[in-house]
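Undergrad: Please see the structure below; I have some questions.
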Amino acid sequence: MSEYRPCAKSAPNRSLLRRRFSGTKQTLLHGENGILELISMGAPLPGVLNNLCAAVDLQIADLVSVIALADDQAHDLPTVTERAARFGLHVFWSASIPLRDEAPLGWLEMYNCVSRDPVPLELQLIERVTHLAALAIQRHNHGEDFQSPSSNWTSRRPSHQRVYLN
């Protein structure tokens, strides 16, 4: 029985990626206003985070995003990475979701069908997603009493190490 692989084997055309984002000063995530409205209304956190992941997944081609909360004991990122590798996905980017000088509120993990680095505008979108996720998580945790998240997000370049599964 062959293994299901949702991704194409060929790498995306880098010039096509640049053209997709060229000529636009847009750093807004598609659907960002709707996501901000959900946050301000106090919508359930899982729905807000799902909308954030869906928005960035649609804006950056062949992407699968996962947001893990810092206190989520059931979500094990190494296990998620291993499962993603089974479907032919590669680590695209990993970023903490910071709140000023405190411990991270969570992590944004992103997987792509091909092993590649993000282009500059994709990095801006990633930073925007982490900022919006921080707002949503803090709004959920503290209701009306929340502060602006840190702009000092940290990221890890993917190691591009292969995950070998038995």
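Undergrad: In whole Å, largest first, what are the principal axis extents of the Cα atoms in the stretch 28-156?
TA: 42, 31, 25
Undergrad: Set Lys and Arg Cβ to +1 and Asp and Glu Cβ to -1, take the dipole of the stretch 28-156 about its Cα centre, and tell me which of Ala136, Leu49, Gln124 lies farthest positive.
TA: Gln124
Undergrad: Please state the charge dipole magnitude for the stretch 28-156, taken about the Cα centre, from unit charges on C-beta atoms (+1 on K and R, -1 on D and E), reported in debye and rounded to the nearest 20.
TA: Computed charge dipole of the stretch 28-156: roughly 240 debye.
Quick note: the coordinates plus some simple rules give every number you see, no bench work behind them. Quick caveat: nothing in here was measured; it's all calculated off a predicted structure. Don't worry about glycine lacking a Cβ; one is built from the backbone with ideal geometry, like all the others, and counts go over all protein chains shown.
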